[in-house]
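Read through the structure below, which is laid out as C-alpha coordinates, and then see the notes.
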(Lines give C-alpha, C1' and ligand atoms only; values in the text may rest on other atoms or scores of the structure.)
Protein backbone atom coordinates (compact mmCIF):
# COMPACT_ATOMS: atom_id res chain seq x y z
CA UNK A 1 0.00 0.00 0.00
CA UNK A 2 2.82 2.40 0.80
CA UNK A 3 4.46 1.85 -2.55
CA UNK A 4 1.12 2.41 -4.31
CA UNK A 5 0.54 5.74 -2.48
CA UNK A 6 4.07 6.85 -3.20
CA UNK A 7 3.58 6.14 -6.88
CA UNK A 8 0.27 8.14 -7.08
CA UNK A 9 1.48 11.09 -4.99
CA UNK A 10 3.63 12.76 -7.67
CA UNK A 11 0.87 12.42 -10.21
CA UNK A 12 -1.66 14.07 -7.87
CA UNK A 13 0.81 16.84 -7.13
CA UNK A 14 1.38 17.45 -10.81
CA UNK A 15 -2.40 17.55 -11.45
CA UNK A 16 -2.89 20.05 -8.62
CA UNK A 17 -0.11 22.32 -9.83
CA UNK A 18 -1.42 22.12 -13.37
CA UNK A 19 -4.92 23.04 -12.22
CA UNK A 20 -3.62 26.07 -10.30
CA UNK A 21 -1.57 27.29 -13.25
CA UNK A 22 -4.52 26.79 -15.61
CA UNK A 23 -6.88 28.69 -13.27
CA UNK A 24 -4.41 31.60 -12.91
CA UNK A 25 -3.97 31.85 -16.69
CA UNK A 26 -7.72 31.70 -17.38
CA UNK A 27 -8.54 34.21 -14.65
CA UNK A 28 -5.59 36.53 -15.13
CA UNK A 29 -7.94 39.49 -15.56
CA UNK A 30 -9.77 38.70 -12.31
CA UNK A 31 -6.48 38.57 -10.34
CA UNK A 32 -4.88 41.78 -11.63
CA UNK A 33 -7.77 44.12 -12.51
CA UNK A 34 -9.76 45.50 -9.53
CA UNK A 35 -13.55 45.20 -9.86
CA UNK A 36 -13.50 42.39 -12.40
CA UNK A 37 -15.69 39.35 -11.70
CA UNK A 38 -15.71 35.68 -12.53
CA UNK A 39 -18.57 34.66 -14.78
CA UNK A 40 -19.46 31.51 -12.82
CA UNK A 41 -19.17 33.32 -9.51
CA UNK A 42 -21.39 36.17 -10.75
CA UNK A 43 -24.10 33.73 -11.82
CA UNK A 44 -24.01 31.95 -8.46
CA UNK A 45 -24.06 35.27 -6.61
CA UNK A 46 -27.11 36.43 -8.60
CA UNK A 47 -28.96 33.17 -7.89
CA UNK A 48 -28.12 33.45 -4.20
CA UNK A 49 -29.36 37.06 -4.01
CA UNK A 50 -32.64 36.09 -5.69
CA UNK A 51 -33.11 33.25 -3.23
CA UNK A 52 -32.20 35.52 -0.31
CA UNK A 53 -34.59 38.22 -1.55
CA UNK A 54 -37.45 35.71 -1.67
CA UNK A 55 -36.62 34.51 1.81
CA UNK A 56 -36.59 38.08 3.10
CA UNK A 57 -39.96 38.82 1.53
CA UNK A 58 -41.46 35.63 2.98
CA UNK A 59 -39.99 36.48 6.37
CA UNK A 60 -41.76 39.85 6.26
CA UNK A 61 -45.04 37.97 5.77
CA UNK A 62 -44.35 35.99 8.94
CA UNK A 63 -45.20 38.82 11.34
CA UNK A 64 -47.79 37.90 13.95
CA UNK A 65 -50.36 40.45 12.80
CA UNK A 66 -50.07 39.43 9.15
CA UNK A 67 -50.54 35.76 10.03
CA UNK A 68 -53.61 36.65 12.13
CA UNK A 69 -55.00 38.63 9.19
CA UNK A 70 -54.42 35.75 6.77
CA UNK A 71 -56.15 33.33 9.14
CA UNK A 72 -59.15 35.64 9.57
CA UNK A 73 -59.49 36.19 5.82
CA UNK A 74 -59.14 32.45 5.17
CA UNK A 75 -61.92 31.71 7.68
CA UNK A 76 -64.25 34.34 6.20
CA UNK A 77 -63.66 33.17 2.61
CA UNK A 78 -64.12 29.52 3.66
CA UNK A 79 -67.45 30.37 5.28
CA UNK A 80 -68.56 32.15 2.10
CA UNK A 81 -67.55 29.23 -0.14
CA UNK A 82 -68.82 26.38 2.05
CA UNK A 83 -71.79 28.14 3.61
CA UNK A 84 -74.23 25.30 2.95
CA UNK A 85 -71.94 22.84 4.75
CA UNK A 86 -71.19 25.11 7.71
CA UNK A 87 -74.68 26.41 8.41
CA UNK A 88 -76.93 24.39 10.73
CA UNK A 89 -79.95 25.40 8.61
CA UNK A 90 -80.68 25.77 4.91
CA UNK A 91 -80.81 29.11 3.14
CA UNK A 92 -84.59 28.91 2.84
CA UNK A 93 -84.91 28.34 6.57
CA UNK A 94 -82.56 31.23 7.33
CA UNK A 95 -84.46 33.72 5.19
CA UNK A 96 -88.05 32.48 5.21
CA UNK A 97 -88.58 30.41 8.36
CA UNK A 98 -90.31 32.42 11.07
CA UNK A 99 -90.52 30.91 14.54
CA UNK A 100 -92.55 32.22 17.42
CA UNK A 101 -90.64 35.12 19.00
CA UNK A 102 -86.95 35.47 19.74
CA UNK A 103 -84.81 33.30 21.97
CA UNK A 104 -81.39 33.71 23.61
CA UNK A 105 -78.44 31.41 22.73
CA UNK A 106 -79.29 27.74 23.23
CA UNK A 107 -78.06 24.33 21.99
CA UNK A 108 -80.51 24.48 19.07
CA UNK A 109 -79.57 28.08 18.27
CA UNK A 110 -75.95 28.72 19.42
CA UNK A 111 -76.17 32.48 18.79
CA UNK A 112 -79.89 32.80 19.51
CA UNK A 113 -82.67 33.94 17.19
CA UNK A 114 -83.72 37.41 16.09
CA UNK A 115 -87.05 39.16 16.64
CA UNK A 116 -88.61 37.10 13.84
CA UNK A 117 -87.33 33.83 15.26
CA UNK A 118 -84.69 33.32 12.53
CA UNK A 119 -81.44 31.61 13.52
CA UNK A 120 -78.69 34.25 13.81
CA UNK A 121 -75.79 31.84 13.19
CA UNK A 122 -77.34 30.71 9.91
CA UNK A 123 -77.98 34.29 8.84
CA UNK A 124 -74.43 35.54 9.49
CA UNK A 125 -73.07 32.50 7.63
CA UNK A 126 -75.32 33.07 4.62
CA UNK A 127 -74.66 36.80 4.82
CA UNK A 128 -70.93 36.30 4.25
CA UNK A 129 -71.12 35.53 0.54
CA UNK A 130 -73.35 38.48 -0.51
CA UNK A 131 -71.15 40.91 1.43
CA UNK A 132 -67.97 39.64 -0.24
CA UNK A 133 -69.63 39.44 -3.66
CA UNK A 134 -70.73 43.08 -3.50
CA UNK A 135 -67.37 44.34 -2.25
CA UNK A 136 -65.07 42.25 -4.47
CA UNK A 137 -67.21 42.75 -7.60
CA UNK A 138 -67.18 46.51 -7.04
CA UNK A 139 -63.40 46.52 -6.64
CA UNK A 140 -62.89 44.39 -9.77
CA UNK A 141 -64.93 46.77 -11.93
CA UNK A 142 -63.24 49.81 -10.39
CA UNK A 143 -59.79 48.35 -11.09
CA UNK A 144 -60.61 47.26 -14.65
CA UNK A 145 -61.80 50.78 -15.52
CA UNK A 146 -59.56 52.88 -13.27
CA UNK A 147 -56.22 51.30 -14.24
CA UNK A 148 -56.49 51.98 -18.02
CA UNK A 149 -57.64 55.55 -17.30
CA UNK A 150 -54.68 56.24 -15.01
CA UNK A 151 -52.28 54.48 -17.36
CA UNK A 152 -53.34 56.48 -20.41
CA UNK A 153 -53.30 59.74 -18.46
CA UNK A 154 -49.73 59.09 -17.29
CA UNK A 155 -48.38 57.87 -20.64
CA UNK A 156 -49.93 60.41 -23.01
CA UNK A 157 -50.05 63.38 -20.63
CA UNK A 158 -51.07 66.75 -22.04
CA UNK A 159 -54.72 67.51 -22.71
CA UNK A 160 -55.78 63.86 -22.30
CA UNK A 161 -54.27 63.77 -18.81
CA UNK A 162 -56.03 67.03 -17.91
CA UNK A 163 -59.45 65.87 -19.16
CA UNK A 164 -59.30 62.42 -17.54
CA UNK A 165 -58.03 63.67 -14.18
CA UNK A 166 -60.53 66.55 -14.02
CA UNK A 167 -63.30 64.01 -14.66
CA UNK A 168 -61.93 61.89 -11.82
CA UNK A 169 -61.82 65.00 -9.61
CA UNK A 170 -65.50 65.65 -10.28
CA UNK A 171 -66.41 62.16 -9.04
CA UNK A 172 -64.06 62.48 -6.05
CA UNK A 173 -65.62 65.81 -5.09
CA UNK A 174 -68.70 63.94 -3.87
CA UNK A 175 -68.26 62.05 -0.58
CA UNK A 176 -68.50 58.35 -1.45
CA UNK A 177 -71.24 57.34 0.98
CA UNK A 178 -73.32 60.47 0.29
CA UNK A 179 -73.02 59.86 -3.45
CA UNK A 180 -74.14 56.25 -2.97
CA UNK A 181 -77.09 57.29 -0.80
CA UNK A 182 -78.33 59.83 -3.36
CA UNK A 183 -77.99 57.42 -6.30
CA UNK A 184 -79.65 54.52 -4.48
CA UNK A 185 -82.54 56.73 -3.39
CA UNK A 186 -83.08 57.67 -7.03
CA UNK A 187 -82.53 54.13 -8.26
CA UNK A 188 -83.79 50.97 -6.63
CA UNK A 189 -81.55 49.46 -3.94
CA UNK A 190 -80.81 46.20 -5.77
CA UNK A 191 -77.52 44.37 -5.46
CA UNK A 192 -76.64 45.27 -9.09
CA UNK A 193 -77.18 48.96 -8.42
CA UNK A 194 -75.13 48.81 -5.21
CA UNK A 195 -72.23 47.17 -7.07
CA UNK A 196 -72.52 49.79 -9.84
CA UNK A 197 -72.45 52.69 -7.38
CA UNK A 198 -69.46 51.32 -5.45
CA UNK A 199 -67.66 50.66 -8.74
CA UNK A 200 -68.14 54.27 -9.86
CA UNK A 201 -66.92 55.56 -6.50
CA UNK A 202 -63.74 53.46 -6.70
CA UNK A 203 -62.72 54.33 -10.28
CA UNK A 204 -61.11 57.74 -9.51
CA UNK A 205 -59.13 56.30 -6.60
CA UNK A 206 -57.50 53.53 -8.66
CA UNK A 207 -57.04 55.86 -11.63
CA UNK A 208 -55.06 58.32 -9.51
CA UNK A 209 -52.99 55.60 -7.83
CA UNK A 210 -52.18 54.08 -11.21
CA UNK A 211 -51.30 57.46 -12.74
CA UNK A 212 -48.90 58.38 -9.94
CA UNK A 213 -47.20 54.99 -10.12
CA UNK A 214 -46.97 54.97 -13.94
CA UNK A 215 -45.44 58.46 -14.00
CA UNK A 216 -42.47 57.12 -12.04
CA UNK A 217 -42.00 54.18 -14.39
CA UNK A 218 -42.50 55.72 -17.84
CA UNK A 219 -39.27 57.74 -17.73
CA UNK A 220 -37.04 54.79 -16.83
CA UNK A 221 -34.33 53.72 -19.33
CA UNK A 222 -35.94 50.43 -20.35
CA UNK A 223 -39.08 52.30 -21.48
CA UNK A 224 -36.90 54.49 -23.72
CA UNK A 225 -35.22 51.32 -25.02
CA UNK A 226 -38.62 49.83 -25.89
CA UNK A 227 -39.49 52.98 -27.84
CA UNK A 228 -36.17 52.86 -29.72
CA UNK A 229 -36.67 49.27 -30.88
CA UNK A 230 -40.12 50.23 -32.25
CA UNK A 231 -42.55 48.82 -29.66
CA UNK A 232 -46.02 50.27 -30.13
CA UNK A 233 -47.70 52.37 -27.45
CA UNK A 234 -50.11 49.66 -26.35
CA UNK A 235 -47.28 47.20 -25.82
CA UNK A 236 -45.24 49.75 -23.88
CA UNK A 237 -48.17 50.65 -21.62
CA UNK A 238 -49.53 47.19 -20.89
CA UNK A 239 -46.40 45.06 -21.30
CA UNK A 240 -43.73 47.25 -19.70
CA UNK A 241 -45.27 50.04 -17.63
CA UNK A 242 -48.33 48.27 -16.16
CA UNK A 243 -46.61 45.22 -14.58
CA UNK A 244 -44.05 47.49 -12.89
CA UNK A 245 -46.69 49.92 -11.60
CA UNK A 246 -49.09 47.50 -9.90
CA UNK A 247 -47.48 47.46 -6.46
CA UNK A 248 -49.54 50.38 -5.04
CA UNK A 249 -52.71 48.88 -6.54
CA UNK A 250 -52.09 45.52 -4.87
CA UNK A 251 -51.52 47.23 -1.54
CA UNK A 252 -54.68 49.34 -1.92
CA UNK A 253 -56.93 46.38 -2.70
CA UNK A 254 -56.85 44.83 0.78
CA UNK A 255 -57.43 48.15 2.50
CA UNK A 256 -60.36 49.03 0.22
CA UNK A 257 -62.14 45.73 0.87
CA UNK A 258 -62.46 46.67 4.53
CA UNK A 259 -63.47 50.24 3.68
CA UNK A 260 -66.21 49.09 1.30
CA UNK A 261 -67.55 46.64 3.88
CA UNK A 262 -68.00 49.53 6.30
CA UNK A 263 -69.69 51.64 3.60
CA UNK A 264 -71.97 48.73 2.70
CA UNK A 265 -72.98 48.41 6.35
CA UNK A 266 -73.73 52.13 6.50
CA UNK A 267 -76.05 51.85 3.49
CA UNK A 268 -77.77 48.82 4.97
CA UNK A 269 -78.13 50.63 8.30
CA UNK A 270 -80.00 53.34 6.38
CA UNK A 271 -82.25 50.67 4.79
CA UNK A 272 -80.56 51.07 1.38
CA UNK A 273 -79.68 47.40 0.91
CA UNK A 274 -81.30 44.66 -1.14
CA UNK A 275 -83.88 43.00 1.17
CA UNK A 276 -83.98 39.87 -1.01
CA UNK A 277 -80.44 38.96 0.15
CA UNK A 278 -79.21 38.03 3.60
CA UNK A 279 -76.58 40.63 4.43
CA UNK A 280 -74.88 41.62 7.68
CA UNK A 281 -75.65 45.32 7.43
CA UNK A 282 -79.30 44.62 6.70
CA UNK A 283 -79.54 42.40 9.80
CA UNK A 284 -78.01 45.20 11.88
CA UNK A 285 -80.54 47.70 10.48
CA UNK A 286 -83.44 45.40 11.38
CA UNK A 287 -82.07 44.44 14.79
CA UNK A 288 -81.50 48.03 15.94
CA UNK A 289 -85.24 48.42 16.39
CA UNK A 290 -85.29 45.55 18.88
CA UNK A 291 -81.93 46.13 20.57
CA UNK A 292 -83.38 45.94 24.09
CA UNK A 293 -85.21 42.66 23.43
CA UNK A 294 -82.59 40.88 21.27
CA UNK A 295 -79.19 42.57 21.67
CA UNK A 296 -77.42 39.42 20.41
CA UNK A 297 -79.08 39.89 17.02
CA UNK A 298 -77.26 43.21 16.68
CA UNK A 299 -73.94 42.15 18.20
CA UNK A 300 -73.06 39.11 16.07
CA UNK A 301 -73.42 40.67 12.58
CA UNK A 302 -71.39 43.62 13.88
CA UNK A 303 -68.70 41.22 15.13
CA UNK A 304 -68.52 39.55 11.70
CA UNK A 305 -68.05 42.91 9.99
CA UNK A 306 -65.38 43.86 12.52
CA UNK A 307 -63.50 40.56 12.08
CA UNK A 308 -63.60 40.81 8.29
CA UNK A 309 -62.45 44.42 8.21
CA UNK A 310 -59.61 43.73 10.66
CA UNK A 311 -58.53 40.64 8.69
CA UNK A 312 -58.26 42.47 5.37
CA UNK A 313 -56.57 45.48 6.97
CA UNK A 314 -53.93 43.27 8.58
CA UNK A 315 -53.30 41.46 5.27
CA UNK A 316 -53.05 44.79 3.47
CA UNK A 317 -50.60 46.05 6.08
CA UNK A 318 -48.51 42.89 5.67
CA UNK A 319 -48.45 43.24 1.87
CA UNK A 320 -47.41 46.87 2.18
CA UNK A 321 -44.52 45.98 4.49
CA UNK A 322 -43.42 43.09 2.26
CA UNK A 323 -43.36 45.22 -0.90
CA UNK A 324 -41.96 48.37 0.70
CA UNK A 325 -38.40 49.00 -0.60
CA UNK A 326 -37.46 50.48 2.77
CA UNK A 327 -38.08 47.08 4.38
CA UNK A 328 -35.80 45.09 2.03
CA UNK A 329 -32.85 45.16 4.39
CA UNK A 330 -34.94 44.12 7.37
CA UNK A 331 -35.23 40.35 7.94
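Observations on the model:
- Exactly one residue out of 149, 145, 163 is modelled with pLDDT of 90 or more, more than 26 Å from the chain's Cα centre (by Cα) and farther than 30 Å from residue 284 by Cβ: that is 163.
- For residue 191, the requirement of being within 24 Å of the chain's Cα centre (by Cα), in contact (Cβ under 8 Å) with a residue 24 or more places away in the chain and surrounded by fewer than 19 Cβ atoms within 10 Å (Cβ to Cβ) is met.
- Residue 112, sole failed condition from (1) closer than 30 Å to residue 295 by Cα; (2) buried (at least 21 other Cβ atoms within 10 Å of the Cβ); (3) in contact (Cβ under 8 Å) with a residue 60 or more places away in the chain: (2)
- When residues of the range 166-183 are limited to those that are in contact with a helix residue (DSSP H, G or I) (Cβ under 6 Å, 6 or more places away or on another chain) and in contact (Cβ under 8 Å) with a residue 40 or more places away in the chain, the one nearest to residue 205 (Cα to Cα): 168
- Within this structure, residue 213 fails the test of being modelled with pLDDT under 90 and either surrounded by fewer than 17 Cβ atoms within 10 Å (Cβ to Cβ) or under 19 Å from residue 271 (Cα atoms) (or both).
- Within the range 109-135, being within 23 Å of residue 259 (Cβ to Cβ) and either out of contact with any helix residue (DSSP H, G or I) (no Cβ under 6 Å at 6 or more places or on another chain) or in a helix (DSSP H, G or I) (or both) holds for 124, 128, 129, 130, 131, 132, 133, 134, 135.
- Options 305, 310, 251, 284; residue that is at pLDDT below 80, part of a helix (DSSP H, G or I) and in contact with a helix residue (DSSP H, G or I) (Cβ under 8 Å, 6 or more places away or on another chain): 251
- The range 216-245, residues that are within 19 Å of the chain's Cα centre (by Cα) and exposed (fewer than 15 other Cβ atoms within 10 Å of the Cβ): 243
- Residue count for the range 78-90, restricted to those that are assigned to a helix (DSSP H, G or I) and surrounded by fewer than 16 Cβ atoms within 10 Å (Cβ to Cβ): 5.
- Answer from 287, 254 - the residue that is closer than 25 Å to residue 106 by Cβ and either touching a strand residue (DSSP E or B) at 6+ places or on another chain (Cβ under 6 Å) or buried (at least 19 other Cβ atoms within 10 Å of the Cβ) (or both): 287
The values are calculated or read from the model by the stated rules, or taken from the named source; none is laboratory data. Just so it is clear, the structure is predicted and the values come from calculations on it, not from any experiment. As a convention, Cβ positions derive from the backbone with ideal geometry for all residues, glycine included, and neighbour counts pool all protein chains shown.
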